[in-house]
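Step one of this worksheet: look at the structure below.
The values are calculated or read from the model by the stated rules, or taken from the named source; none is laboratory data. This one's a predicted model, so the numbers in the text were calculated from it and none came from an experiment. Reconstructed Cβ throughout: ideal geometry from the backbone, glycine too, with neighbour counts over all protein chains shown.
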Amino acid sequence: MIHLQQYEKLLKAILRSSSVVTNLSIGQPPDVVWRNESEGSTLGILVKNFLEEMIPRSVESDFDSGSGEDAAPLCVSFSTDFRFVMETDRRASVEYGLRELVKVRNGLVHSFIDQFDIGSVEGCLAAADSLRQTFELIDAKFLELRGYAESLDQMRRACGEFIQPPRFQDIFDGIRPDGKVDWPSAGIVAALREAAEQLGGREWTPLSEAVEWILEKYPEQTPGRYGCRTWRQVVQESKAFKIKREPNETGQRHHYYGNR
């Protein structure tokens with residue numbers, strides 16, 4: 001029974017870590033919400049949830065964007081779900097084994113002493129032999145479940161490495177994993193537009209003034225992150241702005257940019 005309880009505990013841990021919601025707010029540490037629905041569930045319910053959610057017959061997106069009415073300002077929330085995908089025959093075999101384990105558990109808890117004459121030596125020997133076989137079955141299933149737990153842990157670590165800065169920040173700033181830049185959604189383009197607005201909203205904004213403003217406001221927005229050597233190259237590569245070079249009030253020639 002102890003080994004069976006260890007199995008249930010591991011299964012609860014797998015289900016709990018299979019779905020996590022992360023809330024990110026500016027100026028606040030990440031708020032991670034783990035699923036906690038499996039506490040207090042019987043083995044039968046746990047197996048049912050595992051079969052339906054962790055190894056579904058078909059993998060479909062159940063994303064619900066929600067109304068957004070309760071969302072905090074400047075907050076990003078995303079949900080991560082982990083699932084195992086396997087061939088139909090393999091899944092059927094896993095399902096059969098899990099349901100057999102539930103039957104074994106129910107038999108141990110509810111009717112074990114009714115199956116054997118524990119008042120006799122022969123009955124006790126038969127009961128002991130049955131317990132040995134049951135332990136071997138539970139141990140085999142526990143090892144199988146531990147394999148799932150290890151695979152899930154590897155997936156979570158890989159996901160965690162992916163969303164760590166600066167890689168995850170790059171995605172928000174329009175930099176794809178292959179290094180290519182989606183200029184319309186690039187953070188540096190948004191920063192240039194905001195700088196132009198904050199510096200007076202003129203048709204033409206001095207690039208040097210915009211750069212100074214951006215470096216103070218968004219120091220992470222640098223040309224190098226976007227594969228560019230200079231800010232002028234950013235303006236040109238993005239194709240979001242016009243650019244010209246003209247003398248200023250003192251006669252020095254400076255670059256100016258404006259929205260297309």
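Listing for the model above:
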item	result
Residues located in the stretch 197-207, provided they are touching a residue at least 24 places away in the same chain (Cβ under 8 Å) and surrounded by 14 or more Cβ atoms within 10 Å (Cβ to Cβ)	TRP204, THR205, PRO206, LEU207
Yes/no for ARG225 being among the basic types (Lys, Arg) and touching a residue at least 40 places away in the same chain (Cβ under 8 Å)	yes
Qualifying residue in the stretch 219-240 (condition: assigned to a strand (DSSP E or B) and either touching a Cys at 6+ places or on another chain (Cβ under 6 Å) or not small (Gly, Ala, Ser) (or both))	no
Condition check for LEU192: over 29 Å from the mean Cα position of the chain (by Cα), over 17 Å from ARG260 (Cα atoms) and modelled with pLDDT of 90 or more	no
Qualifying positions in the stretch 71-99 - polar (S, T, N, Q) and at pLDDT 80 or above	THR88, SER93
Those residues of the stretch 107-150 which are of a type outside the set (A, V, I, L, M) and not in a helix (DSSP H, G or I), in sequence order	SER111, PHE112, ASP114, GLN115, PHE116, ASP117, GLY119, SER120
Qualifying residue in the stretch 244-253 (condition: touching a strand residue (DSSP E or B) at 6+ places or on another chain (Cβ under 6 Å), polar (S, T, N, Q) and surrounded by fewer than 16 Cβ atoms within 10 Å (Cβ to Cβ))	yes
Residue check, GLU144 at pLDDT below 80 and closer than 25 Å to ASP81 by Cβ	no
The stretch 228-243, subset without any contact (Cβ under 8 Å) to a residue 40 or more places away in the chain and among the hydrophobic types (A, V, I, L, M, F, W, C), residue surrounded by the most Cβ atoms within 10 Å (Cβ to Cβ)	TRP231
Failed item in (1) at pLDDT 95 or above; (2) farther than 17 Å from ASN259 by Cβ, with GLU216 passing the rest	(1)
Candidates ARG202, ARG193 - the one that is part of a loop (DSSP other than H, G, I, E, B) and among the basic types (Lys, Arg)	ARG202
